[in-house]
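Down below is the structure, laid out as structure tokens.
The values are calculated or read from the model by the stated rules, or taken from the named source; none is laboratory data. Predicted, not measured: the structure shown is a model, and the values here were computed from it. So basically every Cβ, Gly included, is an ideal-geometry build from the backbone, and we count neighbours across all protein chains shown. For accessibility, only protein heavy atoms count, side chains too; no ligands or nucleic acids. Shrake-Rupley method; radii C 1.70, N 1.55, O 1.52, S 1.80 Å.
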Amino acid sequence: MTDDARPVWVLGGGGVTGIAWEVGVLAGLADEGVTVTAEAVIIGTSSGAVVGAQIASGTPLKQLYERQRGGVAHETAAALGFLDLLRLARAQLFARSPEQAARRLGRLALATRTPDPSRQRRTAEARLPDHTWKDADLRIVVVDAESGSSRVITRHDGVSLVDAVAASCAMPLSTAPVTFDGRSYMDGGMRSTLNLDLAPGTGPVVALAPSTAAIGPWARIAKQRVALGRDRRVEVLLRDAASKRAQGTNVMDSSVVPALVAAARDQGRREASRVAAALSTTSHS
């Protein structure tokens with residue numbers, strides 16, 4: 001298989017519950033023999049960066065699933081309040097490009113003050129079973145809080161895995177940006193909650209999207225799907241009804257994680273046949 005034809009797994013953002021849902025779906029797919037193979041490209045954004053790093057570590061999905069089923073006591077962040085959500089929405093209003101929207105969001109991020117600046121890194125450490133980059137082709141999306149430009153971090157960049165994951169999860173007004181290489185980086189979801197259009201090559205794409213929220217038209221899943229070409233096989237998995245019920249409305253509610261990861265596993269089993277079919281195809285674009 002050529003590098004261009006490798007399968008790509010795109011793991012989107014969606015808070016604490018996004019981690020649980022993605023782990024559950026991947027565990028359910030694995031139950032049916034559908035797995036993220038060694039040659040695959042993994043692109044992770046925010047909670048997807050967490051899950052991407054978890055599976056890239058080589059930790060068995062069964063173990064990742066049981067960690068979620070047992071509860072995630074290390075997850076302590078509260079959901080943003082209505083006024084904070086309104087500030088985020090206003091910052092994005094009438095933005096003409098992802099970079100312009102991200103610069104506005106970045107100003108909010110850079111002004112964020114947290115009582116315990118080290119908490120974000122400690123949380124990232126607790127989320128990851130291994131803190132070192134492995135040989136897997138893992139790509140983590142972050143956004144420069146000043147320029148608004150996105151950056152995809154890999155094991156070749158000299159950035160610690162913990163810092164890369166912490167940055168990709170650094171939500172403005174909730175967590176301060178993470179600084180490395182002389183720049184301040186925030187949540188990769190400030191470009192797009194999924195970043196489907198960053199899938200490289202021509203190989204089949206499987207995307208897990210715990211959230212369909214869009215900052216602007218460029219971030220809509222349908223628009224990003226078009227950018228990959230009409231002949232490329234792309235399967236996007238969204239939360240099914242059972243997963244939505246198990247999750248509720250608060251994406252940072254850690255109390256729902258055990259029930260949600262179980263519902264997501266059932267969903268993964270049901271989705272396995274179409275994901276397997278997608279991965280077996282070869283693009284002709």
Original post:
Going by the conditions given, is Arg183 among the basic types (Lys, Arg) and under 29 Å from Gln267 (Cβ atoms)?
Top reply: no
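Let's see how each residue does on (1) surrounded by fewer than 24 Cβ atoms within 10 Å (Cβ to Cβ); (2) β-branched (Val, Ile, Thr):
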position	(1), (2)
Ala20	no, no
Val25	no, yes
Ala30	yes, no
Gly33	yes, no
Ala38	yes, no
Val41	yes, yes
Ser46	no, no
Ala49	no, no
Original post:
Inside the range 41-92, counting only helices (runs of 4 or more DSSP H) that do not spill past its ends, which hold 3 or more residues that are free of Cβ contacts under 8 Å to residues at least 12 places away in the same chain?
Top reply: 82-92
Original post:
Which one is nearest to Arg239 (Cα to Cα) among residues in the range 155-192 that are of a type in the set (Val, Ile, Thr) and open to solvent by less than 30 Å² (accessible area, probe 1.4 Å)?
Top reply: Val165
Original post:
Would a scan of the range 210-223 turn up a residue that is open to solvent by less than 20 Å² (accessible area, probe 1.4 Å), under 30 Å from Leu110 (Cβ atoms) and either out of contact with any helix residue (DSSP H, G or I) (no Cβ under 6 Å at 6 or more places or on another chain) or of a type in the set (Asp, Glu) (or both)?
Top reply: yes
**OP:** Say whether the condition of being more than 16 Å from Ser57 (Cβ to Cβ), part of a loop (DSSP other than H, G, I, E, B) and free of Cβ contacts under 8 Å to residues at least 12 places away in the same chain is met by at least one residue in the range 118-138.
**Re:** yes
**OP:** May I ask you to list the residues in the range 240-264 that are open to solvent by 20 Å² or more (accessible area, probe 1.4 Å) and closer than 20 Å to Val10 by Cβ?
**Re:** Asp240, Val251
